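Undergrad: Below you will find the structure I want to go over with you.
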Amino acid sequence: MHLKRPGEIAQSVWMTLPRRFPHVKLDEYIFMPNHIHGIIELTDIDTTKYSPRAALWEVVRVFKAATSYEVRRSEGQPWFAWHEEYYDSIIRTEAALQQIREYIVNNPARWTEDELYRRY
């Protein structure tokens, strides 16, 4: 997958997440022209302060905000914005983890089947 500059910026911000959040480990991911698939492992969360979903929400919020800021600033694209929602799922088994990793790795091969493909 060849990314345009906003995608490169998003990927760059993605790679900073473990430095921004010590409880984050990045697993498999892929940046597509109109979305991202990624596995974020949350480790050592203080569950007296955060639920895992609240911790993940904060990571996603910072990722989207930092990416938007950088794209708008460096690319002069004031219109750049992420969709407000995101899809999350708790991966509970090693088999599920392997299946999701495979889905992510193979996602670029399905890009032409994406309903938004023609826009890019």
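The values are calculated or read from the model by the stated rules, or taken from the named source; none is laboratory data. Just so it is clear, the structure is predicted and the values come from calculations on it, not from any experiment. Cβ coordinates were reconstructed from backbone atoms using ideal geometry, including for glycine residues, and neighbour counts include every protein chain displayed.
Undergrad: Can you confirm whether the stretch 39-51 contains a residue that is closer than 20 Å to Glu8 by Cβ, surrounded by 11 or more Cβ atoms within 10 Å (Cβ to Cβ), modelled with pLDDT under 95 and out of contact with any strand residue (DSSP E or B) (no Cβ under 7 Å at 6 or more places or on another chain)?
TA: no
Undergrad: Which ones in the stretch 90-107 are surrounded by 15 or more Cβ atoms within 10 Å (Cβ to Cβ) and farther than 29 Å from Ser51 by Cα?
TA: Asn107
Undergrad: Is it true that some residue in the stretch 75-89 is surrounded by 11 or more Cβ atoms within 10 Å (Cβ to Cβ), farther than 18 Å from Trp14 by Cβ, free of Cβ contacts under 8 Å to residues at least 60 places away in the same chain and not small (Gly, Ala, Ser)?
TA: no
Undergrad: Within the stretch 60-77, identify whether any single residue is closer than 23 Å to Gln98 by Cα and either among the small types (Gly, Ala, Ser) or at pLDDT 95 or above (or both), and answer yes or no.
TA: Yes: one or more hits.
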